[in-house]
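Only one structure is covered here, and it is reproduced in the block below.
Every number in this text was worked out from the coordinates using simple rules, so none of it is lab data. Predicted, not measured: the structure shown is a model, and the values here were computed from it. Reconstructed Cβ throughout: ideal geometry from the backbone, glycine too, with neighbour counts over all protein chains shown.
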Amino acid sequence: MKLNNKFICIVLPLIILPILLVGFNAYQYLYQNSKTKALFVMHSQLDHVQQQLLQELRLVQANLQLLASDTQVQQYALTEDEYNRIGIYQPAVLKRFHKYHLAHPNYLEIRFVLPDGFQESYWSAPLHYQGDKDEAQSVWLKTLKHSNLKTIKELYLDQQPLLKAYQELRIKNQATEGYHDEKQLRGYLAVTVQLNWLLEAMKDRSSEQGQLMALMHSNGSQAVGNSKLEPKIRQVLAQYITDSSAALNSQHASAEISIDQESYFISSRKVWGEYFLVAMIPKAQVNMAAQKLSSGLIFITLSVIAITLILIMLVLRNTVVKPLQLLSLASKKIGEGQLDTKLNLGTSFEFKELSTSFNLMSDKLKKSAQEIQFMAYHDSLTRLPNRRMFQYLLSNNLASAKRKKETLALLFLDLDNFKTINDDLGHEVGDLLLKSFAARISTTLREEDTIGKDDVTQDLDLVSRLGGDEFTVVLPHLHNHVDASVVAQRIIKAMQTVFKIENHQFYVSTSIGIAMYPADALDIEGLVKCADIAMYNAKNAGRNTYKFYMQSMNVAIINRVKHESELHTAIEKKQLILHFQPQVNIQSKGFYGVEALVRWMHPQRGLIPPNDFITLAEETGMILELGKWVLFESCRKAKAWAELGVSNFKVSVNVSSVQFQRQDVTKLVAQALQESQLAAEFLTLEITESVLMSAEDSNRQTLLDIKKMGVSLAIDDFGTGYSSLSFLRQFPVDTLKIDRAFIVQSNREPEVRAIISAIITMAHALKLTVVAEGVESESELEFLISSDCDYVQGYYYSKPLSEDKFLEFYKKEMVNTQGGSNIQ
Amino acid sequence: MLMLRKACLLAIILLPVIAQAQPDTVAKTLSILNWDDYLDPLLVAKFERQFKVKIKQSFYESDDYRDELMAAEGGRGYDVVVVSGIMVDSYRRQGWLASKPEMANSQHINTKWEGVFKGCKEYMVPYFWGTLGIAYRQDLVSEPITSWKQFFTPKEELSGKIALINSGRDVVSMALKSLGFSANTGSHAELKEARELLMAFSPHVKTLNYINFGENSAMLSGEVVASMMYSGDTLMLQELSDDISYVLPAEGGNIWVDYIGVTEASTHKELAWTFINFLNEPKNAAQLAQHIYYATPNTAAEKLLPEAFVDNSVIYPSNKALDESEYYQVLSPRTHSRYNSIFSQLKQLHPPDEAQ
């Protein structure tokens, strides 16, 4: 059963029962009331008519007395001469009678009747003219004659009810009769009064409740009523009158009588003598009045019920059912997963509270559901999208790009030396680092104004963590490759800031591989693969860099993998050897130092130049082992040479930037020096500009420590990077080695010569010695001399030499320049 | 006519004389109860001057009213009274009349009139006689009125324009005449018919008041076209209009005789009789007859009257016309009572002005 119906089932009886109870009582009350009212009307009407009749009677008697004492009437009556009584006096008397009629229009006849019953003076209204009359045998005359009565009255009750009043006229003739003479009877004054008001008075108000009213003689012989009086009714009325008049207190008493099985209320009044007023109301009529009222009451009751029902339903619907329906609907919605459903149940306090609770619940549900969903699609550590989300986001972006014919880039990022950090400092630190790293990438992207600013894809969603230290960045809506490279550069640059995790400080670099849609691949799998390859390539390219995917990378990778394993073997099997290229003082032309350069003696391919495997070593991390070997071997050779007397010159050893990133170079140098017992002053470390650039703080400290040991520092390939001379001031660098490219171009391009001159001038200003690399011709040498360059290195003097050949070169130089070593 | 004008002229000339004479009449005032306009003022003045008395006239306009006036004071208050012959014996029985002394001018009176009504010979002197007929506007009726029947069952042109005399006996008796009955009938049936006739006639009646015959008469204005009227009064109206006609109806009218006498209550009986004697001086009687246009019972005076007066059929109807006419006779009380009763009902329908 619906709540609505249930409520009605409970409430309706609560309303109906009192109404019915009230209705029943009201019916009772109304019945009693209408009975009382009907009886009251009956009684008051009886009283009223009775009083009117008695009043009329009193008035008639008064008028008769007035007439009896009228001078002209008396003159007339006293005139014994009959002729004169008529001839002289009667006209005046008739005139007098007429005047009484004028005052009382219902006096139809006024007469003077002689004692013998002859009606001598007869005045009548023309329409009621009765003519002569001899009343000698009249009852009234006999009654008056044979009793002490002076007046008598009679009622004639038919359709024209009449009252006849008689008054004896007994006067003394003052002129002829003495004081002691008795008053003689002269005749009788008689008035006939038409009681035309009586019928009206009896009809008045009675018809509305079917009341019967009659004026009648107690024996029923005469009667007049407001309706036709059947003999049977007349008989009943007469019976009642007889019965009730026997009772002492008939006034205002009423009774119930029955005629033809119909009940009536009846009451009567005595008028005078045997004349009675009687009134009768059918009981059914009284009931009908009550019934009429009660049927109205029933209608009202039904109306009230109907209205109440409607009101209850409306109120219930609005205050209870509707809110409950809303609540149920909202719950259903929530069940269906529409967790942002809000509920407003109106202002009623309970429902307001319910609303609030519901909304709170819905909010909490929504939040936890969102969390669950978030966790399913996001990495719990970094809160970045996970691999699954990445796939989804990428496919979305791809679809959008396809539709809009836009370019899209997929970046693969990898922390270059995360594994080491994780191994050395533990997972907790590793996790925190990953978190910071992720944050930094996201921040970087968010700072990006021109790229990735899109209302569809949020910044956060551009970055995903695929697992471990692998991250991806999706860059939609690109114009070209350059946009992607700008982002990659920004990311790389962002990594140059130190990471502070707990008490540790790290410099972390990243390798970025970039795959472009639609240039490189058209689907997710393709893009992922290309980006992966590109990243791998970037790692091989020495890390801390980015690479775009190229087709050739596939081949290079295959080669690289091969070289990688071979290189491992090379180090183990000592297929690596050192060659040495002399450096010459440009002024003295004397021997100044030597740069140790590694060579791979490949069993099949012969001597492999460093360019072919150094990059691979850096990419694979084998540079660490290789660099260490070069450093240690160089130190050992130098010591060995010194013991042979070949000494007092500097041996320059290349240290890769990768080594600075992943090795404690200071410690390494110290070990090398200690192991070889070589004096530090004879060792120079050649580093690239990138070492300075990428690690301002940690590398600088390393360099200072190394410098403190007495080891010299040289910047290799200067001019290819982005460092400036002023920048170099921060570092304890002793020597600049100008890149061979400048020297090669110096022959042809005056601008390059100007640059070289400037570099040299400024280096000198910074108290740096300058070494020009790759000098191959006389003209180059002459230019360098004119430019005041300090030392040169190159084929012009000597190509890199094996140890044996270098020792020969050294002996020859020593011969040429006696004790020509020049130590600065 | 000429004479009347002369009389008027004379009256105007003599008025100051009358006025002068008044202060001389110190003690005696003679009170006369009479019909209105039934004395010649010149004669009155003449008598007052001659006998140094003041004559005070009281008027009545119907027999009933006169009876009422007399009854009210028990016959007191008047010295001289003019009474219709039918009432003379009643007045005598009431003791209101003084017996007649020998009078010088009695010799001139036609004795014929003395025996018509009981008691007249001993108590009263005939004054004038006349008839009761119909006066009507001959110019306002489509055909001449010649009968009571025309009068009591009037045509449309008469309806609402009929006047009566406020006298039960006259009205009921003439109604009886119109029905062909005697004016003195005692028959219940005939009276019943008369009553019914009058009840039916009632709506056509304009007034029960006897119209006046001065210049503002309702007959002159045409408000009343026909009226029950005493013969002489018609002649007074005819002085003012040639359209007035008088008829003694075919059914016959009433021949009436007025008598003059002295009341028993009078304190100036001698003077009163002297006044009556004065009026019966042939010369005076002739003057009076010509003034009021009635036939005088004074034979000596009659001889003095001009021929035109004597030949006037209104004043002296032909014997033929008089044949159907009747003197009123004393009715039995109960009969009379019926007459009164009938008239009282007519009166309710047309209450007379309460001028009296």
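Sequence-ordered 3J(HN,Hα) estimates for segment A:330-335 from the Karplus curve with 6.51, -1.76 and 1.60 and θ = phi - 60° stand at 5, 4, 4, 4, 4, x Hz, glycine and proline given as x.
The angle between the Cα long axis of helix A:349-377 and the longest principal axis of the Cα atoms of chain A comes to about 20 degrees, rounded to the nearest 10. Roughly what percent of Cα-Cα pairs across the protein assembly as shown reach past 62 Å? Pairs farther apart than 62 Å: 58 percent.
Sort B:Leu240, A:Leu703 so the one with the fewest other Cβ atoms within 10 Å of its own Cβ comes first. Before the final figure, lay out each step's value.
On the way: B:Leu240 14, A:Leu703 24.
The fewest-first ordering by Cβ neighbours comes to B:Leu240, A:Leu703.
List the aspartates and glutamates whose Cα lies under 18 Å from the Cα of A:Lys283, skipping any in the same chain that are fewer than 8 positions away. Those aspartates and glutamates meeting the cut-off are A:Glu208, A:Glu256, A:Asp260, A:Glu262. Along the axis of the charge dipole computed for segment A:513-623 (Cβ charges of +1 for Lys and Arg, -1 for Asp and Glu, origin at the Cα centre), the listed residues A:Met550, A:Gln583, A:Pro603 are led at the positive end by A:Gln583. For the protein assembly as shown, the antiparallel share of DSSP beta bridges with both residues in that region comes to about 75%.
With runs of 4+ DSSP H residues as the only contributors, calculate the mean residue ellipticity of chain A at 222 nm using -39,500 (n - 2.57) per run, divided by the residue total and rounded to the nearest 500. Don't skip to the answer; put the middle values down first.
On the way: 27 runs with 419 residues, N = 824.
So the helix-based figure for chain A works out to -17000 deg cm²/dmol.
In percent, what relative contact order does segment B:198-356 have, based on Cα pairs under 8 Å that are 6 or more apart in sequence?
Values: 124 pairs, mean separation 49.3, N = 159.
Worked out over segment B:198-356, it gives 31 percent.
Between A:Ser221 and A:Val139, the simple spin-label model (points 7 angstrom out along Cα→Cβ) gives 0.4 nm. Extension gain for the segment A:Asp81 to A:Gln160, taken as residue separation times 0.36 nm less the Cα-Cα distance, is 24.6 nm to one decimal. Residues B:Arg76, A:Arg58, arranged from fewest to most other Cβ atoms within 10 angstrom of their Cβ, appear as A:Arg58, B:Arg76. Relative to the longest principal axis of the Cα atoms of chain B, the long axis of helix B:63-72 makes an angle of roughly 60 degrees. For the pair A:Leu302 and B:Ser221, label points projected 7 Å from Cα toward Cβ lie 7.4 nm apart. Rounded to the nearest whole Hz, the Karplus-based 3J(HN,Hα) values (6.51 cos²θ - 1.76 cosθ + 1.60, θ = phi - 60°) of segment A:521-533 follow the sequence 7, 10, 10, 4, 4, x, 5, 4, 4, 5, 5, 4, 4, with x at glycine and proline. Between the residues A:Gln184, A:Gln370, A:Leu360, the greatest Cα displacement towards the positive end of the dipole of chain A, with unit charges on the Cβ of Lys, Arg, Asp and Glu, is found for A:Gln184. Note on B:331-338: average number of Cβ atoms from other chains within 10 Å of each residue's Cβ is 6. With N the number of residues in segment A:661-780, Rg(Cα) / (2.2 N^0.38 Å) evaluates to 1.14.
Given Cβ point charges of +1 (Lys, Arg) and -1 (Asp, Glu) and nothing else, what value in debye, to the nearest 20, does the dipole of segment A:591-646 about its Cα centre take? Walk me through the intermediate numbers first.
On the way: 6 positive and 7 negative charges, 46 e Å.
Dipole size: approximately 220 debye.
How far is helix A:231-246 tilted off the main Cα axis of chain A, in degrees rounded to 10, range 0 to 90? Roughly 80 degrees, rounded to the nearest 10.
Taken about its Cα centre, chain A carries a charge dipole of roughly 2880 debye when the Cβ of each Lys and Arg holds +1 and the Cβ of each Asp and Glu holds -1. Within the straight-line cut-off of under 19 Å between alpha carbons, the lysines reachable from B:Lys52 are B:Lys28, B:Lys269, sequence neighbours fewer than 8 places apart in one chain being disregarded.
For A:Lys573, go through the aspartates and glutamates and keep the ones whose alpha-carbon is under 15 Å away, minus same-chain ones fewer than eight residues off. By straight Cα distance, A:Lys573 reaches A:Glu564, A:Glu625, A:Glu633. In this structure the amide hydrogen of A:Leu683, modeled in the peptide plane, comes within under 5 Å of the amide hydrogens of A:Val651, A:Ser712, none closer than 5 places in sequence on its chain.
Simple spin-label estimate for A:Phe40 and A:Arg748 gives 13.8 nm between the two label positions (7 Å along the Cα-to-Cβ direction from each Cα).
Normalised by the number of residues in chain B, the mean separation of alpha-carbon contacts (under 8 Å, six or more apart) gives a relative contact order of 25 percent. Going from the residue with the fewest nearby Cβ atoms within 10 Å to the one with the most, A:Asp461, B:Asp63, A:Asp260, A:Asp181 rank A:Asp260, A:Asp181, A:Asp461, B:Asp63. Pairs exceeding a 22 Å alpha-carbon distance, out of A:Lys637/A:Lys805; A:Lys547/A:Lys628; B:Lys320/B:Lys347; B:Lys177/B:Lys320; A:Lys667/A:Lys707: A:Lys547/A:Lys628; B:Lys320/B:Lys347. A straight chain from A:Glu177 to A:Thr761 at 0.36 nm per residue would run longer than the Cα-Cα distance by 191.0 nm.
Computed from the C-beta positions of B:Asp37 and B:Val330 and an R0 of 25 Å, the FRET efficiency is 0.35 to the nearest 0.05.
With respect to the cross-link table entries A:Lys95/B:Lys155; A:Lys228/A:Lys270; A:Lys95/B:Lys54; A:Lys95/B:Lys206; B:Lys56/B:Lys118, which display a Cα-Cα separation exceeding 25 Å? Intermediate results must be reported in sequence, preceding the final value.
Values: A:Lys95/B:Lys155 31 Å; A:Lys228/A:Lys270 21 Å; A:Lys95/B:Lys54 35 Å; A:Lys95/B:Lys206 20 Å; B:Lys56/B:Lys118 29 Å.
Violating the 25 Å Cα-Cα cut-off are A:Lys95/B:Lys155; A:Lys95/B:Lys54; B:Lys56/B:Lys118.
About its Cα centre, how strong a charge dipole does chain B have in debye, to the nearest 20, once Lys and Arg get +1 and Asp and Glu get -1 at the Cβ? Walk me through the numbers on the way to the answer.
On the way: 32 positive and 43 negative charges, 164 e Å.
Taking the Cα centre of chain B as origin, the dipole is about 780 debye.
Shown in residue order for segment A:739-754 are the 3J(HN,Hα) couplings computed by the Karplus curve 6.51 cos²θ - 1.76 cosθ + 1.60 at θ = phi - 60°: 4, 4, 4, 4, 5, 4, 6, 4, 4, 8, 10, x, 4, 5, 4, 4 Hz (x for Gly and Pro).
Extension gain for A:Phe727-A:Lys573 works out to 51.3 nm (0.36 nm per residue, less the C-alpha to C-alpha distance). A Förster radius of 25 Å, combined with the Cβ-Cβ distance separating A:Glu675 from A:Ser436, puts the computed FRET efficiency at roughly 0.10.
Which residues in segment A:525-548 have a backbone N closer than 17 Å to a point placed 7 Å from the Cα of A:Ser395 along the Cα-to-Cβ line? Hits in segment A:525-548 for A:Ser395 at 17 Å: A:525-529. Taking amide H atoms as placed 1.01 Å from N in the peptide plane, the amide H of A:Ile259 lies under 5 Å from those of A:Tyr264, each 5 or more residues away in sequence or on another chain.
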